[in-house]
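A quick write-up on the structure given underneath.
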Amino acid sequence: MHCVVTGAAGFIGSHLCEALLAGGHTVIGIDVFTDYYPRAQKERNLAGLRGRPGFTFVEGDLREVDLPRLLEGAEWVFHQAAQAGVRASWGDYFSTYTAHNVLATQMLLEAVRKMPVRKLVYASSSSIYGDAERAPTPEETIPQPVSPYGVTKLAAEHLCFAYARNFDVPAVALRYFTVYG
């Protein structure tokens, strides 16, 4: 199976790429290296992937790369890319969050809808729930984000739903809670 992983240099994305390769799949990994995490940290995440058979890395912004070319032949797309960070999402930085979390997702969905992809897996966030009253938080809890970051992740979820409903894009959203490793 051929897969595309956005955010491939991140913690989750790089581990996902490793698992897919170990399963015998080919992977194109894409990452833009925003300044939220030090580049050296993300390069370390990629160290075990670079040069590995079946792995191709593309450095670039999802809003600028040739998505149709990169998605060609892909059966699964794992959309891990996002501008991370709840506290940093306020004020002047909000446009960065809308660009990377909403617009980039819309552009990816637009490209995926024209391809015979089996599944797009979108990495959402528990931040869409805001200050949830229950833990663990049931999926049926009404999203009420209390940060711009959460708002952008929920907006991207809604885009996935809209593309699924209107264009049969086979999308699913996973709402990650605190990830560590």
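Rule-based calculations on the coordinates, nothing more; no lab input. Everything numeric in this text was worked out from a predicted model, so none of it was measured. In this analysis, Cβ positions are derived from the backbone assuming ideal geometry, glycine residues included, and neighbour counts consider all displayed protein chains.
Below 8 Å between Cα atoms, with a sequence gap of 6+, how large is the relative contact order for segment 1-53 in percent? RCO, segment 1-53: 41 percent.
Residues within the reach of a label modelled at ARG87 (point 7 angstrom out along Cα to beta-carbon, backbone nitrogen below 15 Å), restricted to segment 23-39, are 36-37. Axis angle, to the nearest 10 degrees, between helix 148-167 and the longest C-alpha principal axis of the chain: 60 degrees. Segment ALA132..ARG165, full-extension length gain: 9.1 nm, with 0.36 nm per residue of separation and the alpha-carbon distance subtracted. With the cut-off at 19 Å, report for segment 98-181 the share of all Cα pairs above it, as a whole percent. Above the 19 Å cut-off, segment 98-181 has 39 percent of its Cα pairs. Does segment 65-124 come out rounded, prolate or oblate by the C-alpha gyration tensor, with a ≥ b ≥ c the root eigenvalues, rounded set by a/c under 1.5 and, if not, prolate when a/b is larger than b/c and oblate if not? Prolate, since a/c reaches 1.5 and a/b exceeds b/c. Over the residues of the chain, the helix contribution to mean residue ellipticity at 222 nm works out to -9500 deg cm²/dmol, using -39500 (n - 2.57) for each DSSP H run of at least 4.
When +1 charges are put on Lys and Arg Cβ atoms and -1 charges on Asp and Glu Cβ atoms, the dipole computed for segment 70-118 relative to its Cα centre reaches about 100 debye. GNM remark for the chain: springs join alpha carbons under 10 Å apart, and the peak mean-square fluctuation among ASN166, ASN101, ASN45 falls on ASN166. Which of rounded, prolate or oblate describes segment 1-115 when judged by the alpha-carbon gyration tensor and an a/c cut-off of 1.5? Note, shape of segment 1-115 comes out oblate. Which of rounded, prolate, oblate describes segment 28-181, given a ≥ b ≥ c as roots of the alpha-carbon gyration tensor eigenvalues and a/c under 1.5 marking rounded, otherwise prolate only if a/b is larger than b/c? In terms of gyration-tensor shape, oblate. Remark: the chain carries a charge dipole of roughly 260 debye about the Cα centre, counting +1 on each Lys and Arg Cβ and -1 on each Asp and Glu Cβ.
Sequence-distant contacts, meaning Cα pairs under 8 Å at least 6 residues apart, place the relative contact order of the chain at 21 percent. Based on C-alpha pairs under 8 angstrom that are at least 6 apart in sequence, segment 1-101 has a relative contact order of 36 percent.
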